[in-house]
Every structure is written in structure tokens, then in C-alpha cells.
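Every number in this text was worked out from the coordinates using simple rules, so none of it is lab data. This is a predicted model, so every value here is computed, not measured. Counting neighbours? That spans all protein chains shown, and the Cβs are built from the backbone with ideal geometry, glycine included.
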Amino acid sequence: MADLNLRTVTRAQGNNRALLDGTVTPKGAGFEFVDVPVLVQGFRRMVRTLEFDVCEMALTTYLTAKAHGVAFTAVPAFLVRGFHHNAITVDTRHGISQPKDLEGRKVGVNRGYTVTTGVWARSILAGEYGVDLDSVTWVLSGDEHVAEYRPPANVVPAPAGRTLDEMLTSEELAAVVGVEIDSADTRPLIPHPDEAAHAALQQRGLWPINHLVVIRDELLAEHPDLGRRVFDAFAESKHGYVQQLRAGTLPQETATDRMHRTVMELTGWDDPLPYGIEPNRQVLEDLIRSAVDQKILDRAPRIEDAFTPDTRDVVA
């Protein structure tokens, strides 16, 4: 009999499949999955009201919320990763040909300034292409999940009633980040973005983390081993998925599965989704440093302090 019923939000992705179908459960606990059709709304509800017991969460949103005192703590189960060299879109009619052309211009950002995709994309612009991020005015289509956060002065909301794709078409914006536009007049700012992302992975291990898992601190105080129990369940589910991925026996392959296979081919790794702090320390440090540089975090937290004590040394 499970001693805990954990209201949980997470996406229906291969590495979580065994959790969602009940094949894998945490020791002495059960997941009661809450359907949130737009996952980012689950992030907001968790950040603002602690509505759930366990919740998938964007990495930068988590770090920002933690810095503002939200009472939850993560386990190092990194559910979602991705490449972001393709996240910056330009209109081919407006003469933006290279990343440095964004300096002194306005660039749209989907939703909030702290959105993790935006943080990774800006870090690529600064680190690989030398873009002065402070010279760009970042125009947001939405607000922040963490209501207490105040962005720097060069971050502004889009005008009421305007969309970022409209503003890109009219040349009010030089580019947009994280916005999908189906138009023959648009292209990724970075040429051959997949090849650029794969090169960054091979040359410096850049395999960006987007999402992890958080647990309410109240529950962690009542059950000090809960972090490890939740981590172990997510890890067990992921291991089954990776075995199927390697064997080519997934019931239906998705674009995400193909991306994971590409990572294995490029790196020689047996597992494209390592969980635990240590195998991900460098990419976590990269994200935290970028969040500080972009004035999202006032200071860099110690990585271990971001995770439950019982999961700081585990790897899966």
C-alpha cells in the first residue's frame, strides 16, 4: 500500500512512459497524474501556488523561483534536453545576415525573459558569436512565471495587441527567439543550425538541459527520503526507454527519439539522458553562469544546493 499519493504533472514523453502507464511507481508512493494540456501552465501553477506535489519544471524557471523563495526543491532527473542553435529566426527580407547584426536592435522572445530556451539561445549568441546582449532590446510576448522577478532595463513587453511574428514581418524586430513561423520569408539566423549544435556537442559537450523535476518542500520535510524515491522512479522509467531506444523497439518513434539517437551516435554514449549532478555539472554551470550574465540570477547558487540532499550523489 502506497503511503503517499503524489499529485504529479509531467509530459507524455518516452522516458516517462512507464510512469504514466503505472508500470513504474516510487517506492511506498503513487503518482496521481494531473492533465495540464499546456505544460508551461503547469509550471506557472506550481511556481505561484504550489498546486502539485511533484512537477516537471523548466530549469531557469526553477532557479529563478528558488532564488525568490518558492518552497520546492529539485531532483536531478533531467527529463527534457534539446538544441537551441535553431531557436533564433529572422526575416530574409530585412538584411539580418549574422548574429552581430542584432546589436542595437529589438529581438522578440516568446513568453518571458527567463524562459530556458531564450537563456540558452542568448548564451549561444554571446559565447559563440560575440553578441553584446546588453545592446539588444528584448521584447517579450508574455510575462514571467515568477511574478516577483524583475528583468533588466533592456527587457520590455510587446505592445498590446501585437504579435512577435507580425513585428518581425514589419521589421520592428530584427529576429525572434522561440517562435515558430511557417513562412518562406523566414530562416534560422545561425546557418546550418543542426550542424552547429552537433559541433558544439562534440567539441565542448553542450547538450542543453531544459526541464527537471521539483517536489514541494513541505513533503520533503515530512519524508526526507522522498527525493530519492521520486528520482529512482524517474530513472527506472528512463532506463527502460533507453533500452528500447538502443534496441530499436520503441512502439512509435518521435522526433525527440531521433534526436536522442543522434546524440548517442555523435558522442558514443550509451544513454543520451544522464540523470544526476555529476555527469551534468558542466552544462548546469554553463546555464547558471548564463543566467547570472543575463541578469536573471543575482548570484550563482552552489549546484548541490539546488537539489535534495538525498539525490546530490546519485547518478542514473
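Side notes on the structure shown:
- Ala184/Ala221 FRET efficiency (R0 41 Å; Cβ-Cβ; nearest 0.05): 0.15
- For Phe31, the residues 5 or more places off, or on other chains, whose built amide H falls under 5 Å of its own are Leu6.
- Where a label projected 7 Å from the Cα of Arg289 along Cα→Cβ would reach, residues of the stretch 118-161 with amide N under 19 Å: 118-134
- Within straight-line reach of Lys106, meaning a Cα separation under 19 Å, sit the following lysines at least 8 residues removed in sequence or on another chain: Lys295.
- Ordering Gly205, Ala153, Leu168 by the projection of their Cα atoms onto the charge dipole of the chain, which places +1 on the Cβ of Lys and Arg and -1 on the Cβ of Asp and Glu, puts Ala153 at the extreme positive end.
- Cut-off under 5 Å, modelled amide H: who pairs with Phe78 long-range: Gly276
- 10 Å-binned pair-distance histogram of the chain (Cα, whole percent): 6, 26, 34, 24, 9, 1, 0
- Reach of Lys238 by Cα under 30 Å, taken over lysines that are not fewer than 8 positions away in the same chain: Lys27, Lys66
- Here the gap between Glu278 and Asp298, fully extended at 0.36 nm per residue and compared with their Cα-Cα distance, gives a gain of 4.8 nm.
- Hull volume per residue, based on the alpha-carbon atoms of the stretch 80-192 and their convex hull, is 111 Å³.
- Among Thr60, Thr25, Thr254, residue whose mean-square fluctuation peaks in a GNM of the chain (springs only between Cα atoms under 10 Å): Thr254
- Nearest 10 degrees, 0 to 90: helix 226-247 Cα axis against the chain principal axis: 70
- Adding -39500 (n - 2.57) for every DSSP H run of four residues or longer, then dividing by how many residues the chain holds, sets the calculated 222 nm ellipticity at -10500 deg cm²/dmol.
- Quarter the surface of the alpha carbon convex hull of the stretch 239-307 and you get the mean projected area, 6.1 square nanometres.
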